[in-house]
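Trainee: Structure incoming, see below.
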């Protein structure tokens, strides 16, 4: 999953010499709280927020006088996971997508959530199991063996909580005929190797 698959192209922007009144009107028209500023050639120049124009007295001033520099962006080839980490660490509601300083689109929190949800197989008909495996052991291979023996198809595997000795693995699987039997076999496989 990369940024290109989930970004929104065709972003509404204003040029640096646009008056602040155009910023206000564009924000009002689209319900934006933030607006990106780009040159006629598409180069990302900065951004301005609704809070940034709250106390404006001269609406004829150019937006570039009030715009902030963009500190964070991604390229289309970056992973969605990288984008999510940047957005989370910096409390961003959207992330510009650029290539050679040119604005190609934006990635919003909604798109990141949609992509990660799809990647985890959430929404697909599947059975979810949580197992506790020993860290740095062959437990994961034993789990895969049990899944194979049951003819289960792995949709996703995610690491949950982790301690020094164990990690929680969250499995989403399809094609399970007997969920109770699979659960019992997974527990037995991990118990056998703990007792050994």
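The values are calculated or read from the model by the stated rules, or taken from the named source; none is laboratory data. In this text the structure is predicted, and so the values were computed from the model without any measurement. Because the Cβ atoms are built from the backbone with ideal geometry, glycine has one as well, and the counts that use them run over all protein chains shown.
Trainee: If you go through region 77-102 one residue at a time, how many are closer than 19 Å to residue 45 by Cα and over 13 Å from the mean Cα position of the chain (by Cα)? Before you say what the answer is, go through the steps one by one.
Mentor: Our first condition is that a residue be closer than 19 Å to residue 45 by Cα; within region 77-102, this holds for 92-102.
Retained after the next criterion (residues that are over 13 Å from the mean Cα position of the chain (by Cα)): 96-102.
Counting residues in region 77-102 that are closer than 19 Å to residue 45 by Cα and over 13 Å from the mean Cα position of the chain (by Cα) gives 7.
Trainee: Which of the residues belonging to region 159-180 are free of Cβ contacts under 8 Å to residues at least 40 places away in the same chain and either loosely packed, with under 14 Cβ neighbours inside 10 Å or not in a strand (DSSP E or B) (or both)?
Mentor: First, the residues of region 159-180 that are free of Cβ contacts under 8 Å to residues at least 40 places away in the same chain: 159-169, 175, 177-178, 180.
Correct list: 159, 160, 161, 162, 163, 164, 165, 175, 177, 178, 180.
Trainee: Look through 111, 77 and report the one residue that is in contact (Cβ under 8 Å) with a residue 60 or more places away in the chain and in a loop (DSSP other than H, G, I, E, B). I'd like the intermediate steps shown before the answer.
Mentor: On the way: 111 fails: in a loop (DSSP other than H, G, I, E, B).
Result: 77 is the single residue among 111, 77 that is in contact (Cβ under 8 Å) with a residue 60 or more places away in the chain and in a loop (DSSP other than H, G, I, E, B).
Trainee: Could I ask something else about it? Is there any pair linking a residue in region 26-46 that is without any contact (Cβ under 8 Å) to a residue 40 or more places away in the chain to one that is surrounded by fewer than 16 Cβ atoms within 10 Å (Cβ to Cβ) and in a strand (DSSP E or B), with Cβ under 8 Å and at least six apart or on different chains, and which?
Mentor: 46/68
Trainee: Please pick out the residue among 23, 70 that is assigned by TED's automatic domain parsing to the domain that holds residue 103, within 21 Å of residue 8 (Cα to Cα), within 25 Å of the chain's Cα centre (by Cα) and at pLDDT 90 or above. Outline the logic, then answer.
Mentor: Working: 23 fails: within 25 Å of the chain's Cα centre (by Cα).
None of the other options fit; the residue is 70.
Trainee: Oh, and also: Among the residues of region 114-132, is any assigned to a helix (DSSP H, G or I), out of contact with any helix residue (DSSP H, G or I) (no Cβ under 9 Å at 6 or more places or on another chain) and modelled with pLDDT of 90 or more?
Mentor: Checked against the condition, which is being assigned to a helix (DSSP H, G or I), out of contact with any helix residue (DSSP H, G or I) (no Cβ under 9 Å at 6 or more places or on another chain) and modelled with pLDDT of 90 or more, region 114-132 yields no hits at all.
Trainee: Also: Would you call residue 156 surrounded by 15 or more Cβ atoms within 10 Å (Cβ to Cβ), part of a loop (DSSP other than H, G, I, E, B) and outside the structural domain of residue 47 (by TED's automatic domain parsing)? Working first, answer last.
Mentor: Working: surrounded by 15 or more Cβ atoms within 10 Å (Cβ to Cβ): yes; part of a loop (DSSP other than H, G, I, E, B): no; outside the structural domain of residue 47 (by TED's automatic domain parsing): yes.
Considered against the rule, which asks whether it is surrounded by 15 or more Cβ atoms within 10 Å (Cβ to Cβ), part of a loop (DSSP other than H, G, I, E, B) and outside the structural domain of residue 47 (by TED's automatic domain parsing), residue 156 comes out as no.
Trainee: Turning to a different aspect of this structure: I need a count of the residues in region 11-68 that are out of contact with any helix residue (DSSP H, G or I) (no Cβ under 9 Å at 6 or more places or on another chain), surrounded by fewer than 16 Cβ atoms within 10 Å (Cβ to Cβ) and in a strand (DSSP E or B).
Mentor: 1
Trainee: Would region 91-99 turn up any residue that is over 30 Å from residue 68 (Cα atoms) and part of a strand (DSSP E or B)? Let's see the steps before the verdict.
Mentor: Pass one, region 91-99, residues over 30 Å from residue 68 (Cα atoms): none.
There is no residue in region 91-99 that is over 30 Å from residue 68 (Cα atoms) and part of a strand (DSSP E or B).
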